[in-house]
Amino acid sequence: MAENTAEKIHDVRLEVNGVTHAVAVPARRLLSDALRQECGLTGTHVGCEHGVCGACTVLVDGRPVRSCLMFAVTAAGSEITTVEGLAEPDGSLNPAQQAFRECHGLQCGFCTPGFLTTVTAGIKENPCPTHEEAREMVAGNLCRCTGYQNIVKAVERAAEIARGDAPAAGPPDGDDGGLEAATGDTEVARKDDASTTGLGA
Amino acid sequence: MKPTAFDYARPETLEEAVQALGSHPDAKVLAGGQSLVPLMSMRLAAPALIVDINHLPGLDHVTADASGVRIGALARHADVLASADVRRVQPLVSLALANVAHPTIRNRGTTVGSIVHADAAAEMPMVLQLLGGSVDVVGSGGRRTIAADELYVAPLESSLAHDEVAVEAFFPALPAGSGVAFEEISRRHGDYAMCGVAAVVAVEDGRVTSARAGYLSVSDVPTVVDLTDALAGSVDDAALARAAEAALAQLEPESDIHATAAYRAHLAKVLTARVLTAAHDHAREE
């Protein structure tokens, strides 16, 4: 059905994770496809391709946006962050990534890039999400493995890590007020870990 | 699923945008693209020319004053929803926006774009119509204002001319002594609603002087009905039931894959009573 008769190619400069990619794309190239094919950044996953599943979510000028619902040509001039750009400059995991690992917030991992970009921006906008707000933050992202329980825990944990006020190991355990006291030793270890990775700053 | 090939224009002024639209009979404006791009990917739409207005200057404003709320064509839903001034001047805009898809979609989708996309399942067309708002458009004939009740001519069809760009939407302020409410029911969080109802109720000296309700996803165009007569006495269960029946008499619920007409009618009745109650309570607080 595609008409291949001399489709115009546009030269576009995409700013992705601080790097400029000069790409040549037809106007209909979705940003999700341009990131994967032209930029070689395959961390952005393509699921439903009509804006429902959230797997392709990237940050455009800091805000989570569906990359399958944007054309690459219109993204020129914006700063794009993909899952590859989330880690700290030294390669250590950012709070959202760290929390998803700690809380077992993923199984097959297909949806994870979209969750991580969404949560990275979400806890910046709302550093202290309530349980309901944590659920709302990821309500636009589908996961077919986990049943979401550990993902929501990871959102709450990511906010804690980003605030730097809850160094407990493992997933947050509901409203157990005794958790921090009970894991005092781990707390120290975690703090050391954080200082060496630069995440404690 | 990929869109079909199209020509692409990225105008830098409104004049260029209007000119580009006029240059092709099958041209389409791209703003947020949260409705248009999926339609193109599913090949339900295949415009020959996309006029990308995202880079036009001076269209991303969200302002509110005593007269009402003005929203520029490039203001994203998220910007409008975040505005405390909008919430104060016309709270129904904020109440409805919180139900528009998910935050990620609201980061990109524009309120004005949603309004002129004219989807009867969307929140903002119905709210514009219920509040008696308007849209300013610019075309080769200059700038004009289209009142909401002249905007929606058919399913997914607005009265904008082919070469006109919607540049601003206006929602009148909520008058003193009036209250609003919004509620919708959807299968999944963030999905299009199977039925959504908003109400505006005005109260004077304890009496309802005006009660109107707007319906989304019930018919194939956004629909507003006047329910003042049903609530002219006291606002009690019997009056609310009468209002819901009166509303239904003016609606023609439709069946689709998401809900039968009978279920939609049921939802419309229940939600009518709920939002009228809430808007009436809100009016008495004001």
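The values are calculated or read from the model by the stated rules, or taken from the named source; none is laboratory data. Since the model is a prediction, treat every value here as computed from it, not as a measurement. Ideal geometry is used to build each Cβ from the backbone, glycine not excepted, and the neighbour counts take in all protein chains shown.
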*Working carefully through the options B:Asp79, B:Asp52, find the one that is outside the structural domain of B:Val275 (by TED's automatic domain parsing), among the charged types (D, E, K, R), without any contact (Cβ under 8 Å) to a residue 60 or more places away in the chain and within 24 Å of B:Glu157 (Cα to Cα).*
B:Asp52
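Is there a residue in segment A:105-115 that is of a type outside the set (Phe, Trp, Tyr), in contact with a strand residue (DSSP E or B) (Cβ under 7 Å, 6 or more places away or on another chain), under 29 Å from A:Leu30 (Cβ atoms) and surrounded by 18 or more Cβ atoms within 10 Å (Cβ to Cβ)? Don't jump to the end; show me each part of the working.
Initial filter on segment A:105-115 (of a type outside the set (Phe, Trp, Tyr)): A:105-109, A:111-114.
Now drop any that are not in contact with a strand residue (DSSP E or B) (Cβ under 7 Å, 6 or more places away or on another chain), which leaves A:114.
Okay, now just the ones that are also under 29 Å from A:Leu30 (Cβ atoms), so A:114.
Filter once more, so that each one left must be surrounded by 18 or more Cβ atoms within 10 Å (Cβ to Cβ): A:114.
Yes: one or more hits.
Here's a check for you: in segment B:1-45, which residue that is assigned to a loop (DSSP other than H, G, I, E, B), over 20 Å from B:Thr111 (Cα atoms) and within 24 Å of the chain's Cα centre (by Cα) is nearest to the other protein chains (Cβ to nearest Cβ)?
So in segment B:1-45, the residues assigned to a loop (DSSP other than H, G, I, E, B) come out as B:1-6, B:10-13, B:23-26, B:31-35, B:42-45.
If we keep only those that are over 20 Å from B:Thr111 (Cα atoms) too, we end up with B:1-6, B:10-13, B:23-26, B:42-45.
Imposing the further condition that a residue be within 24 Å of the chain's Cα centre (by Cα) reduces the set to B:42, B:44-45.
Numbers: B:Met42: 6, B:Leu44: 10, B:Ala45: 12 Å.
Restricting to residues being assigned to a loop (DSSP other than H, G, I, E, B), over 20 Å from B:Thr111 (Cα atoms) and within 24 Å of the chain's Cα centre (by Cα), the top hit is B:Met42.
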_Filter segment A:8-40 down to the residues that are within 19 Å of the chain's Cα centre (by Cα), part of a loop (DSSP other than H, G, I, E, B) and either surrounded by 16 or more Cβ atoms within 10 Å (Cβ to Cβ) or on the phi < 0 side of the Ramachandran plot (or both) and list them by number._
A:Asn17, A:Cys39
*Could you check how many residues of segment A:60-76 are more than 7 Å from chain B (Cβ to nearest Cβ) and assigned to a loop (DSSP other than H, G, I, E, B)?*
3
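Please determine, by comparing only the residues of segment A:41-64 that are of a type in the set (Val, Ile, Thr) and under 16 Å from the mean Cα position of the chain (by Cα), which one is farthest from B:Gly32 (Cα to Cα).
Among those that are of a type in the set (Val, Ile, Thr) and under 16 Å from the mean Cα position of the chain (by Cα), it is A:Thr42.
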*Would you pick out the residues in segment A:97-134 that are in a helix (DSSP H, G or I) and in contact with a His (Cβ under 9 Å, 6 or more places away or on another chain)?*
A:Thr112, A:Pro113, A:Gly114
*Which residue, of B:Val138, B:Val100, is more than 30 Å from A:Ala55 (Cβ to Cβ) and either out of contact with any Pro (no Cβ under 7 Å at 6 or more places or on another chain) or outside the structural domain of B:Ser217 (by TED's automatic domain parsing) (or both)?*
B:Val138
*Do we have B:Val270 as within 21 Å of B:Ala193 (Cα to Cα) and part of a helix (DSSP H, G or I) here?*
yes
*Report yes if some residue within segment B:118-134 is more than 14 Å from chain A (Cβ to nearest Cβ), in a strand (DSSP E or B) and within 15 Å of the chain's Cα centre (by Cα); otherwise report no.*
yes
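Pick from B:Ala211, B:Ala199, B:Ala261: which is in contact with a Ser or Thr (Cβ under 7 Å, 6 or more places away or on another chain) and within 24 Å of B:Pro172 (Cα to Cα)? Explain how you work it out, then say what you get.
On the way: B:Ala199 fails: in contact with a Ser or Thr (Cβ under 7 Å, 6 or more places away or on another chain); B:Ala261 fails: within 24 Å of B:Pro172 (Cα to Cα).
So the residue among B:Ala211, B:Ala199, B:Ala261 that is in contact with a Ser or Thr (Cβ under 7 Å, 6 or more places away or on another chain) and within 24 Å of B:Pro172 (Cα to Cα) is B:Ala211.
Residue check: is B:Asp237 exposed (fewer than 14 other Cβ atoms within 10 Å of the Cβ) and touching a Lys or Arg at 6+ places or on another chain (Cβ under 9 Å)?
On the way: exposed (fewer than 14 other Cβ atoms within 10 Å of the Cβ): yes; touching a Lys or Arg at 6+ places or on another chain (Cβ under 9 Å): no.
So B:Asp237 does not fit the description; no.
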*Please list, ordered by first then second residue, the pairs with beta carbon atoms under 7 Å, 6 or more apart or interchain, first in segment B:197-220 and farther than 16 Å from B:Gly132 by Cβ, second among the hydroxyl-bearing types (Ser, Thr, Tyr).*
B:Val197/B:Tyr215; B:Val197/B:Thr272; B:Val203/B:Thr209; B:Val208/B:Thr228; B:Ser217/B:Tyr192
*Of all residues in segment B:59-109, how many are in a loop (DSSP other than H, G, I, E, B), small (Gly, Ala, Ser) and either at positive phi or within 14 Å of the chain's Cα centre (by Cα) (or both)?*
4
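Quick check: anything in segment B:241-250 under 20 Å from B:Ala96 (Cβ atoms) and crowded, with 17+ Cβ neighbours inside 10 Å?
In the first step, residues of segment B:241-250 are kept if they are under 20 Å from B:Ala96 (Cβ atoms); the result is B:247.
So of that shortlist, the ones also crowded, with 17+ Cβ neighbours inside 10 Å come out as B:247.
Yes, that holds for at least one residue.
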*asked:* Exactly one of these conditions fails for B:Val69: (1) touching a Leu at 6+ places or on another chain (Cβ under 8 Å); (2) farther than 21 Å from B:Leu216 by Cα; (3) of a type in the set (A, V, I, L, M, F, W, C). Give me its number.
replied: (1)
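Could you tell me whether A:Val65 is surrounded by 20 or more Cβ atoms within 10 Å (Cβ to Cβ) and in contact (Cβ under 8 Å) with a residue 12 or more places away in the chain?
On the way: surrounded by 20 or more Cβ atoms within 10 Å (Cβ to Cβ): yes; in contact (Cβ under 8 Å) with a residue 12 or more places away in the chain: no.
No: the conditions fail for A:Val65.
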_Residue among B:Ala48, B:Ala17 that alone is over 30 Å from A:Glu125 (Cα atoms), at pLDDT 95 or above and crowded, with 20+ Cβ neighbours inside 10 Å_ = B:Ala17
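Considering only residues of segment B:200-223 that are outside any strand (DSSP E or B) and within 13 Å of the chain's Cα centre (by Cα), which is modelled with the lowest pLDDT?
Here is the first cut: in segment B:200-223, the ones outside any strand (DSSP E or B) are B:205-206, B:217-222.
Checking the rest, the ones that are also within 13 Å of the chain's Cα centre (by Cα) come to B:217, B:221-222.
Numbers: B:Ser217: 94, B:Val221: 89, B:Pro222: 92.
The extreme case among them is B:Val221.
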*Residue that is farthest from the other protein chains (Cβ to nearest Cβ) [pool: residues in segment A:48-59 that are β-branched (Val, Ile, Thr) and surrounded by 24 or more Cβ atoms within 10 Å (Cβ to Cβ)]*: A:Val58
*Filtering segment A:124-152 down to residues that are among the charged types (D, E, K, R) and surrounded by fewer than 16 Cβ atoms within 10 Å (Cβ to Cβ), which residue is nearest to the other protein chains (Cβ to nearest Cβ)?*
A:Glu125
*Report yes if B:Asn54 is more than 9 Å from every other protein chain (Cβ to nearest Cβ) and assigned to a loop (DSSP other than H, G, I, E, B), otherwise no.*
no
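Just to be sure, is A:Glu88 under 26 Å from A:Ala159 (Cβ atoms), more than 9 Å from every other protein chain (Cβ to nearest Cβ), touching a strand residue (DSSP E or B) at 6+ places or on another chain (Cβ under 9 Å) and touching a residue at least 24 places away in the same chain (Cβ under 8 Å)?
No, not satisfied.
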